[in-house]
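Report on one structure; see the data block that follows.
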Amino acid sequence: MTTAVAARSEPAVRTNHQVRAWSVFLALLRRDLRVARKELVFFLIRTTMQPLLFLIVFGYLLPKMSFLGKGYQTALLPGILAVSLSLSAIQSVALPMVQDFGWTKEIEDRLLAPVSTQLVAAEKIIAGVLQGMIAAAFVLPIARLVMGPIPDLTLSHGGEVLLIVLLGSLAFSSLGMWLGTAIAPQQIGLMFSVIIAPMLFFGCAYYPWRGLDVVPVLKYVVLINPMVYVSEGMRAALTPAVPHMPFSIVAIALIIVASGFWTLGMRSFYKRAIG
């Protein structure tokens with residue numbers, strides 16, 4: 001009889017543990033979002049300044065001066081959204097990880113929470129996903145104000161836009177986790193010059209991927225860049241008249257990329273946490 005009672009109590013104990021872990025996860029997430037809300041202005045400046053400058057110069061000034069055709073704005077807008085989303089998601093995770101594991105050691109307090117190490121890492125990634133979505137949502141209306149009417153822009157594919165934003169934010173937030181836990185604090189500058197900068201310029205953000213038909217080798221080399229799929233996915237959803245990668249291929253690629261970076265980020269975080 002005692003064995004039967006113990007057997008019945010095991011699922012209840014497991015359920016209570018899961019509920020408690022979920023509560024701790026949400027508490028950590030609320031704490032990160034509260035901090036982000038207090039620093040919202042600095043967060044938006046940090047993550048959207050470069051995209052907004054590109055919007056002003058390439059989306060407004062150069063077309064106004066007739067150095068670029070009006071149609072370039074149509075190709076540029078989705079890429080700018082991809083840049084804003086990607087930078088925000090990476091920085092929102094990578095920089096705090098470098099700081100927490102480096103000199104503040106704040107991560108030690110989180111690791112003492114009554115949840116698994118993997119759940120602590122997952123919470124940081126989800127917080128980065130939300131911040132990436134906020135950055136993209138902020139840039140879109142600003143871009144419309146800066147550039148004025150944009151030919152062939154459509155908002156009728158809201159579901160596809162949301163899918164790309166979610167998958168792109170997850171991929172780059174997971175990448176931020178990997179970079180933030182794999183790179184030493186004193187090498188953080190190297191991350192921006194060696195990894196982020198080439199990713200931005202060869203991520204098809206400022207030109208369509210199909211435009212690289214004139215450089216066939218580069219057209220296929222850039223496919224290792226995850227930003228290509230976010231940029232092309234945004235074009236497929238927002239400006240389908242512009243030549244773009246098929247949406248189904250983009251979605252599958254982003255699922256694979258997000259899964260890969262999630263795995264790498266989790267492993268790197270765990271290794272750093274127990275090291």
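Some values worked out for this structure:
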{"quantity": "Condition check for Val257: assigned to a loop (DSSP other than H, G, I, E, B) and touching a Ser or Thr at 6+ places or on another chain (Cβ under 9 Å)", "calculated": "no"}
{"quantity": "Odd one out for Asp152 among (1) surrounded by 16 or more Cβ atoms within 10 Å (Cβ to Cβ); (2) on the phi > 0 side of the Ramachandran plot", "calculated": "(1)"}
{"quantity": "Unmet requirement for Tyr206, which otherwise passes all of (1) within 20 Å of Ser92 (Cα to Cα); (2) surrounded by fewer than 21 Cβ atoms within 10 Å (Cβ to Cβ); (3) in contact with a Leu (Cβ under 8 Å, 6 or more places away or on another chain)", "calculated": "(1)"}
{"quantity": "Scan of the stretch 42-64 for residues that are over 14 Å from Ile142 (Cβ atoms) and among the β-branched types (Val, Ile, Thr), ordered by number", "calculated": "Val57"}
{"quantity": "Near pairs, Cβ below 7 angstrom, 6+ apart or cross-chain, from the stretch 194-211 (under 21 Å from Gly59 (Cβ atoms)) to any residue that is among the basic types (Lys, Arg) and buried (at least 20 other Cβ atoms within 10 Å of the Cβ)", "calculated": "Pro208/Arg235"}
{"quantity": "Residue list for the stretch 38-68, filter: closer than 21 Å to Phe201 by Cβ and either among the basic types (Lys, Arg) or touching a Pro at 6+ places or on another chain (Cβ under 9 Å) (or both)", "calculated": "Arg46"}
{"quantity": "Criterion: farther than 18 Å from Leu170 by Cα and in contact (Cβ under 8 Å) with a residue 60 or more places away in the chain - qualifying residue of Ile255, Ile274", "calculated": "Ile274"}
{"quantity": "First in the stretch 22-42 and farther than 10 Å from Ala127 by Cα, second anywhere and of a type in the set (Asp, Glu), Cβ under 8 Å, 6 or more apart", "calculated": "Phe25/Glu123"}
{"quantity": "Hits in the stretch 207-254 (condition: in a helix (DSSP H, G or I) and in contact with a Ser or Thr (Cβ under 7 Å, 6 or more places away or on another chain))", "calculated": "Met227, Val230, Leu238"}
{"quantity": "Hits in the stretch 36-70 (condition: aromatic (Phe, Trp, Tyr) and loosely packed, with under 12 Cβ neighbours inside 10 Å)", "calculated": "Phe42, Phe67"}
{"quantity": "Lone qualifier among Ile224, Ile249 - being more than 17 Å from Ile125 (Cβ to Cβ), surrounded by fewer than 15 Cβ atoms within 10 Å (Cβ to Cβ), among the aliphatic types (A, V, I, L, M) and in contact with a helix residue (DSSP H, G or I) (Cβ under 9 Å, 6 or more places away or on another chain)", "calculated": "Ile249"}
{"quantity": "Failed condition for Gly203, given (1) closer than 19 Å to Tyr72 by Cβ; (2) part of a helix (DSSP H, G or I)", "calculated": "(2)"}
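Each reported figure results from applying straightforward, stated rules to the coordinates on display, with no laboratory input. As the structure is a prediction and not an experimental result, all values here were calculated from the model. Note: ideal-geometry Cβ built from the backbone for every residue, glycine included; neighbour counts use all protein chains shown.
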